[in-house]
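A.B. asks: Pasting a structure here, questions to come.
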Amino acid sequence: MTSVPGAQRRTSDPKGFPVSTSTLTSRDAAGKSGDRVFSGAALGAGILILVVLFGVAVFLIIQALPVLGADPADITGGDGFGAYIFPIVVGTVIAAAIALLLATPLGIGVALFISHYAPRRLAMTFGYLVDLLAAIPSVVYGAWGYAVLAPQLAVAYGWLAENLGWIPIFAGPASQTGKTILTAGIVLAVMVLPIITSLSREIFLQTPTLHEEAALAMGATRLEMIWMAVLPFARTGIVSAAMLGLGRALGETMAVALVLSGGALTASLIQSGNQTIAAEIALNFPEAYGLRLSELIAAGLVLFVITLVVNIIARWIVSRHRDFSGAN
Amino acid sequence: MSKRIDVKDLNVYYSKFLAVEDVNISIEARSVTAFIGPSGCGKSTFLRTLNRMHEVIPGARVEGEVLLDGDDLYDPAVDPVTVRGQVGMVFQRPNPFPTMSIRDNVLAGVKLNNKRISRSDADALVEKSLRGANLWNEVKDRLGRPGSGLSGGQQQRLCIARAIAVSPQVILMDEPCSALDPISTLAIEDLINELKADYTVVIVTHNMQQAARVSDKTAFFNIAGTGKPGKLIEYADTTTIFNKPVQKSTEDYVSGRFG
């Protein structure tokens, strides 16, 4: 017998029973180590996210601490941090709310058109174009809002102030340049639209054929089928899509900084005024130092918390209907 | 509330591919008719042409006539939505709407067709439909719970309740028991026997014992080979099909010599 490795595996013991070749255990070991590596990698990735999140939070808190101990008179505005942050928190929320109110229904509509109405080839092109919108840099949106949209809207604002001025949010005098929080909200809506559309479309496309057919077989029109089978199935996903969009709207800096001529908090959406946290930070960061820097970072921390709270509320809303989610 | 179906010279196409060729068949009102045949022979496709559900697949079209008590389903003036309201369907896999409660599932079709229905009328309809589907006693205490929480057999009976809640003329069943265990299958078969009193029932099945147990008449479909159209080979009383069929291929199939 030669000494080729492995040749001895095929021999048998004196009683004629085959000797163990260890193939079962060796393969198992290989599979197990691969599995272990993968689960380790997944765990590592999960931990990494938490570390990054935690690191950012710690950085923000440490840098923002000086604001807490500072004399209120030293804070910008002279009335303490609360008085400083409150108007820009409200401004941020207004701009993001306008964006979401405009973009969510429109995004769902566009997504439904792509997933359930358009002929297949048109739908693919159309979906690709919408995805392309998401790739446009925000400074380009800002420039477009500044140079094209705002002057156009200024005319409309004039009309609104004249005819609907009795409603506080349309109170005059309207901005002559159109650089208002409403314009900023509209630009944000355009930016958020591709996110909501893309995600919703993917979810709509995953609606089980079984449920669509169940609705159609009962004599539902296509619209009724969408109400019965597609939208309920997609509810969780639509909320997630809106939340991602909201995240972008809350945090968007460049476009708002360009489009909004900021100022004090005003109820009217068509006057210049209001400011968002992200734009406030971006506009003032280059020249800030010392306490002013801490203020801005504290403002960033507040934005961080707002985003977190909104997400938690959204998750809670979704989980209330878990029994009916169709996940079982 | 039950109508007969007469099919004349029906061809079904998927784009250019002829899937089912030249079917002529008359299905009596208040009877159970079973379609049997090997996989891919076009029996499900043909079943779907009876309520125009095949049109859900892009490129599907038919030539010929399907008459529901003399009215052609394929008349250009006919809306498929109206057809499906009259010809209900139960699918292979139970598909109650997962986001709706048991009660809302039963009422789904009724709410489509309008009409505001008073709460007491709705309650009565839910009970009647669920009783009709032999499900009432099992779910009467949890009508507000999601339909997806029921067992497979219960879900399928819920789907039948949903179908009969709109008082259709015809109920089509596409292998309604193929995803169910024998006990649930028996429950559905008993139900089919009861449904016959009020509805025209057409059922596609792979299970020949099931066809023999539940149907009055049986249609055997076959296909000459891959890529060839499916054809209706033989249509007769169920006892005839299973005991002394005329066609050789029918005999081979029901006796288990092929397929």
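The values are calculated or read from the model by the stated rules, or taken from the named source; none is laboratory data. All figures in this text were calculated on a predicted structure; none of them were measured in a lab. Cβ coordinates were reconstructed from backbone atoms using ideal geometry, including for glycine residues, and neighbour counts include every protein chain displayed.
Conditions tested, residue by residue: (1) within 14 Å of another protein chain (Cβ to nearest Cβ); (2) among the β-branched types (V, I, T); (3) not in a helix (DSSP H, G or I).
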| site | (1), (2), (3) |
| --- | --- |
| A:L258 | no, no, no |
| A:S268 | no, no, yes |
| A:A282 | no, no, no |
| A:Y289 | no, no, yes |
| A:L296 | no, no, no |
| A:V302 | no, yes, no |
| A:I313 | no, yes, no |
| A:W316 | no, no, no |
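A.B. asks: List, please: which pairs have Cβ atoms under 9 Å, are six or more places apart or on different chains, and start with a residue in the stretch A:281-294 that is β-branched (V, I, T) and end with one that is at pLDDT below 90?
C.D. replies: Close Cβ pairs satisfying both conditions: A:I281/A:T253; A:I281/A:A288.
A.B. asks: Only one of these is assigned by TED's automatic domain parsing to the domain that holds A:G247, of a type in the set (D, E) and surrounded by 22 or more Cβ atoms within 10 Å (Cβ to Cβ): A:E295, A:E287. Name it. Talk me through it step by step, then tell me what you get.
C.D. replies: Details: A:E287 fails: surrounded by 22 or more Cβ atoms within 10 Å (Cβ to Cβ).
The conditions single out A:E295.
A.B. asks: Collect the residues in the stretch B:76-87 that are within 7 Å of another protein chain (Cβ to nearest Cβ) and buried (at least 21 other Cβ atoms within 10 Å of the Cβ), keeping them in residue-number order.
C.D. replies: Matches in the stretch B:76-87: B:R84, B:G85.
A.B. asks: Please tell me if A:T236 is more than 21 Å from the chain's Cα centre (by Cα), within 14 Å of chain B (Cβ to nearest Cβ) and not basic (K, R). Step through it out loud before you land on a result.
C.D. replies: Details: more than 21 Å from the chain's Cα centre (by Cα): no; within 14 Å of chain B (Cβ to nearest Cβ): yes; not basic (K, R): yes.
When the stated conditions are applied, A:T236 does not pass them.
A.B. asks: Anything in the stretch B:64-107 that is farther than 30 Å from B:V20 by Cβ and not in a loop (DSSP other than H, G, I, E, B)? List them, or say none.
C.D. replies: Taking the stretch B:64-107 first, the residues farther than 30 Å from B:V20 by Cβ are B:97-107.
Within the stretch B:64-107, B:S101, B:I102, B:R103, B:D104, B:N105, B:V106, B:L107 meet the criteria.
A.B. asks: When the residues of the stretch B:204-225 are narrowed to those that are touching a residue at least 40 places away in the same chain (Cβ under 8 Å) and out of contact with any Asp or Glu (no Cβ under 8 Å at 6 or more places or on another chain), which ends up farthest from B:V7 (Cα to Cα)? Walk me through it before giving the result.
C.D. replies: Initially, the stretch B:204-225 is screened for residues touching a residue at least 40 places away in the same chain (Cβ under 8 Å), giving B:204-206, B:208, B:210-211, B:214-223.
Restricting the remaining residues to those that are out of contact with any Asp or Glu (no Cβ under 8 Å at 6 or more places or on another chain) gives B:208, B:211, B:215, B:221-223.
Details: B:M208: 24, B:A211: 21, B:S215: 19, B:F221: 15, B:N222: 18, B:I223: 19 Å.
Once the filter is applied, the top-ranked residue is B:M208.
A.B. asks: Output the qualifying pairs, or none if there are none: Cβ atoms under 7 angstrom, residues six or more apart or on different chains, first residue in the stretch B:100-113 and hydroxyl-bearing (S, T, Y), second residue surrounded by fewer than 20 Cβ atoms within 10 Å (Cβ to Cβ) and not in a helix (DSSP H, G or I).
C.D. replies: B:S101/B:L143; B:S101/B:G144; B:S101/B:R145
A.B. asks: Among the residues of the stretch B:155-181, write down those that are more than 14 Å from every other protein chain (Cβ to nearest Cβ), over 25 Å from B:C41 (Cβ atoms) and either surrounded by fewer than 24 Cβ atoms within 10 Å (Cβ to Cβ) or modelled with pLDDT under 90 (or both).
C.D. replies: B:D181
A.B. asks: Let me ask something additional. Is there a residue being within 15 Å of the chain's Cα centre (by Cα), buried (at least 23 other Cβ atoms within 10 Å of the Cβ) and within 10 Å of another protein chain (Cβ to nearest Cβ) anywhere in the stretch B:190-203?
C.D. replies: Scanning the stretch B:190-203 turns up no residue that is within 15 Å of the chain's Cα centre (by Cα), buried (at least 23 other Cβ atoms within 10 Å of the Cβ) and within 10 Å of another protein chain (Cβ to nearest Cβ).
A.B. asks: Of all residues being surrounded by 24 or more Cβ atoms within 10 Å (Cβ to Cβ), in a helix (DSSP H, G or I) and among the aliphatic types (A, V, I, L, M) in the stretch A:196-224, which is farthest from the other protein chains (Cβ to nearest Cβ)? Just the residue, please.
C.D. replies: A:I196
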